[in-house]
Amino acid sequence: MKFFIDTANLAQIKEAHDLGVLDGVTTNPSLMAKEGITGEENVINHYKAICEITDGDVSAEVISTTFEEMIAEGEALAKLHERIVVKVPMLKDGVKAIKYFTEKGIKTNCTLIFSAGQALLAAKAGATYVSPFIGRLDDISTDGLTLIEDIRTIFDNYGYTTQILAASARHPMHIINCAKLGADVVTAPLAPILALLKHPLTDNGLAQFLADHAKAAGK
Ligand code: G3P
């Protein structure tokens with residue numbers, strides 16, 4: 001399973017990259033705003049800076065919501081760097097735009113996926129990735145992980161090569177359960193990724209090993 005980091009924070013992207021486990025980056029307008037990145041030139045430079053850190057795909061989301069505007073915006077984003085993936089919202093015009101980008105050889109990530117039907121449409125249009133938002137489904141008392149399972153079944157039934165990019169992952173168990181269910185990618189903030197490192201028995205065991213070594217060495 002691939003690990004993407006879901007942030008526009010350059011320091012956190014670098015930290016995940018330096019850990020050696022980073023396969024890509026996802027951003028969205030909210031994450032860019034959180035870093036204070038506004039204005040076309042700043043946004044463009046920020047995407048370029050992200051592409052310089054990671055070797056993997058970098059999702060850059062269009063702000064437009066009509067077909068013509070999404071095409072113009074997506075083509076401009078795709079030209080920024082070979083690693084840019086155009087992130088397109090799940091809309092009727094978005095599906096048409098994904099089909100257009102697919103035919104042009106431009107990678108896409110269909111975002112704001114909350115149902116298996118939406119994922120199926122995006123896959124039929126040729127999306128490189130679909131992004132089901134598991135945390136936001138959990139937020140409204142539904143089961144985000146069931147959606148990952150359903151999409152996995154549908155894609156496997158028909159051999160769709162569109163990758164399931166589980167998004168809105170909020171904690172380490174989201175990541176582990178997505179891996180169990182066969183998501184191709186999970187994108188998460190840095191904290192849940194680093195939380196996978198931790199286990200109290202690891203800490204206790206290491207403390208004991210080091211104490212025993214010091215004792216045997218007469219320290
Ligand atoms: O990748 C989508 C993600 O940024 C949404 O996460 O936590 O805002 O639901 P969240």
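The values are calculated or read from the model by the stated rules, or taken from the named source; none is laboratory data. Nothing here was measured: the structure is a model prediction, and the numbers come from that model. Don't worry about glycine lacking a Cβ; one is built from the backbone with ideal geometry, like all the others, and counts go over all protein chains shown. Calculation scope for accessible area: heavy atoms of the full protein, side chains included, ligands and nucleic acids excluded. Shrake-Rupley method; radii C 1.70, N 1.55, O 1.52, S 1.80 Å.
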Does Ile13 count as within 16 Å of the ligand (Cβ to nearest atom), within 15 Å of the chain's Cα centre (by Cα) and β-branched (Val, Ile, Thr)?
-> yes
Could you tell me which residue of the range 18-63 is nearest to the ligand (Cβ to nearest atom), considering only residues that are crowded, with 19+ Cβ neighbours inside 10 Å and among the small types (Gly, Ala, Ser)?
-> Ser59
Name the pairs whose Cβ atoms lie under 9 Å apart, with the first residue in the range 136-158 and within 12 Å of Ala123 (Cα to Cα) and touching a residue at least 60 places away in the same chain (Cβ under 8 Å), the second of a type in the set (Phe, Trp, Tyr) and part of a loop (DSSP other than H, G, I, E, B), and 6 or more positions between them or separate chains?
-> none
Which ones in the range 182-219 are closer than 30 Å to Tyr160 by Cβ and β-branched (Val, Ile, Thr)?
-> Val185, Val186, Thr187, Ile193
Output the number of the condition that Ala72 fails; it satisfies all remaining conditions of (1) of a type in the set (A, V, I, L, M, F, W, C); (2) surrounded by fewer than 20 Cβ atoms within 10 Å (Cβ to Cβ); (3) touching a residue at least 24 places away in the same chain (Cβ under 8 Å).
-> (3)
Residues of the range 104-138 that turn out to be on the phi > 0 side of the Ramachandran plot, away from the ligand (no atom under 15 Å from the Cβ) and open to solvent by 60 Å² or more (accessible area, probe 1.4 Å), as a count | 1
Name every residue in the range 139-167 that is crowded, with 20+ Cβ neighbours inside 10 Å and within 14 Å of the ligand (Cβ to nearest atom), in order of residue number.
-> Gly144, Leu147, Ile148, Ile164, Leu165, Ala166, Ala167
